[in-house]
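Report on the following structure.
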Amino acid sequence: MRVEPLADLEQKLGQLLVTGVIVSALLLAAGLFFFLLDPGMARNGWLLNGGLIVLMATPILRVMVSVAEYVRLRQWFFVVVTVIVLAELTLTVVVALSSRS
Amino acid sequence: MIVITAAMVAVVMACGVVAGALGALLGLGGGVFLVPFLNAWFGIDFKTAAAISLVTVIATSSAVSAATTGRQLINLRLGMLLEVASAAGGVAAGFTITRLSDITLERGFAVATALIAILMLARLEHQNVIRDTAVDPGPLGGRFHDEESGGEVVYRVRRLPVALGVSFIAGNVSAAFGIGGGIFKVPVLNAWCGVPMRVAAATSSLMIGVTAVASVPIQYAHGYVKPPLAAAAVLGVLVGSRVGLWFGVRARSRWLKVLMAFVLTLVSLIYFRRSM
């Protein structure tokens, strides 16, 4: 059956996504709480931006894990597909980092 | 310059709850509502509203997908294949935005959502499921346990080029409208491409995160994402998605399709009005 290994991949991706969501939610909730207490504090920025970066990184990590898993399963068509998506996301991150003011 | 108050944070959080609930039910990011709302209600400029909305699309995607795994509703093969088209659409977005005016884009969006609403209603009775589990689902189809049919069912993916084309368009307008593109992908996958409603919604939920991430880091680097408002919206989305998931497992597919058609009609009216 070809369905079995994919069900396993789905579980792994689910765990990754749930971890990403929990970590970013905790950082954002703490950041927002301190922001509402005192908007001027430096700590707010670190927490809020940290939460946003974890949030944005989660889908990228999801694609990376998918690439690795499809390589392991030797499903080359889907290796190519996921690598193309990863390349495009990498391009976006590179453009973002270089345009940072 | 936007002055962020506690009241504003509370309202944005409430909007996030609605967006998250719809996201969990229908596979949408909810950006189609959030952007016009932030823009009209608080006077937040469209680019900032779109950037905040895209961040919430990522949150909806991760939260809903994480909760949906293990039920065979997410079609990973189809989702990842369509992500290539939406990513390509994202690359071409700069080109589209410079060629078409905002008004043209908004009118196009209004017309497209209206047409999809009609399509959705016309195909309301199509279940897209094959009860005979001996049928081969094909390279992109799948099988899952369907409560409504009372057992395991099979579906096959049809008209793949249409699905790829729609994903390209969804990725292309994602940054401009601050949406993940589920509003286009879910109805088309369901009405034209043979994908059952729940599978279309779950697969779209997974895809919209990548669509949003294809542009949001650039907007973040330019300072369009206002962290406290984005945080409020994201936290709202996480609450809303739990509500949506609770209703989602209890709702009939037909009801979900009617809700989708209603949402499309509403969005169409919002953008028609904006483009006047």
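The values are calculated or read from the model by the stated rules, or taken from the named source; none is laboratory data. Since we're looking at a predicted model, the values are computed, not measured. Virtual Cβ from ideal backbone geometry, glycine too; neighbours counted across all protein chains shown. Just the protein is used for accessible areas: all its heavy atoms, side chains included, with ligands, DNA and RNA removed. Shrake-Rupley method; radii C 1.70, N 1.55, O 1.52, S 1.80 Å.
Considering A:V81, A:V85, which residue is touching an Asp or Glu at 6+ places or on another chain (Cβ under 6 Å) and closer than 21 Å to B:L76 by Cβ? Break it down into steps so the answer makes sense when it comes.
Details: A:V81 fails: touching an Asp or Glu at 6+ places or on another chain (Cβ under 6 Å).
Within the list A:V81, A:V85, the selection yields A:V85.
Taking into account only those residues within the stretch B:168-222 that are part of a loop (DSSP other than H, G, I, E, B) and in contact with a Lys or Arg (Cβ under 9 Å, 6 or more places away or on another chain), which is surrounded by the fewest Cβ atoms within 10 Å (Cβ to Cβ)?
Checked the stretch B:168-222; the qualifying residue surrounded by the fewest Cβ atoms within 10 Å (Cβ to Cβ) is B:H222.
Filter the stretch A:12-28 down to the residues that are open to solvent by less than 50 Å² (accessible area, probe 1.4 Å), under 11 Å from the mean Cα position of the chain (by Cα) and closer than 19 Å to A:N49 by Cα and list them by number.
Listed by number, the residues that qualify are A:L17, A:G20, A:V21, A:S24.
Applying the selection to the stretch B:37-83, what residues are of a type outside the set (S, T, N, Q), within 11 Å of chain A (Cβ to nearest Cβ) and without any contact (Cβ under 8 Å) to a residue 60 or more places away in the chain?
B:A66, B:G70, B:M80 - these are the residues of the stretch B:37-83 that are of a type outside the set (S, T, N, Q), within 11 Å of chain A (Cβ to nearest Cβ) and without any contact (Cβ under 8 Å) to a residue 60 or more places away in the chain.
Pull up the stretch B:236-276, narrow it to residues that are in contact with a Gly (Cβ under 7 Å, 6 or more places away or on another chain) and open to solvent by less than 60 Å² (accessible area, probe 1.4 Å), then point me to the one that is nearest to the other protein chains (Cβ to nearest Cβ).
Of everything passing the filter in the stretch B:236-276, B:L238 is nearest to the other protein chains (Cβ to nearest Cβ).
Hey, can you tell me all the residues within the stretch B:209-223 that are within 19 Å of the chain's Cα centre (by Cα) and either more than 7 Å from chain A (Cβ to nearest Cβ) or of a type in the set (A, V, I, L, M, F, W, C) (or both)?
The answer is B:V210, B:T211, B:A212, B:V213, B:A214, B:V216.
Where residues in the stretch A:66-101 are touching a Pro at 6+ places or on another chain (Cβ under 6 Å) and open to solvent by 40 Å² or more (accessible area, probe 1.4 Å), which of them is farthest from the other protein chains (Cβ to nearest Cβ)?
Here the residue is A:L73.
Kindly establish whether A:L9 is surrounded by 16 or more Cβ atoms within 10 Å (Cβ to Cβ) and modelled with pLDDT under 90.
yes
Which residues, counting only those in the stretch B:1-30, are part of a helix (DSSP H, G or I) and open to solvent by less than 10 Å² (accessible area, probe 1.4 Å)?
In the first step, residues of the stretch B:1-30 are kept if they are part of a helix (DSSP H, G or I); the result is B:6-26.
Those that are part of a helix (DSSP H, G or I) and open to solvent by less than 10 Å² (accessible area, probe 1.4 Å): B:V9, B:V12, B:G16, B:A19, B:G20, B:G23, B:L26.
Can you find a residue that is surrounded by fewer than 21 Cβ atoms within 10 Å (Cβ to Cβ) and within 14 Å of chain A (Cβ to nearest Cβ) anywhere in the stretch B:108-118?
no
Condition (residue is assigned to a helix (DSSP H, G or I) and within 27 Å of B:I103 (Cβ to Cβ)) applied to the stretch B:238-256: is it met by at least one residue?
Looking through the stretch B:238-256, none of the residues is assigned to a helix (DSSP H, G or I) and within 27 Å of B:I103 (Cβ to Cβ).
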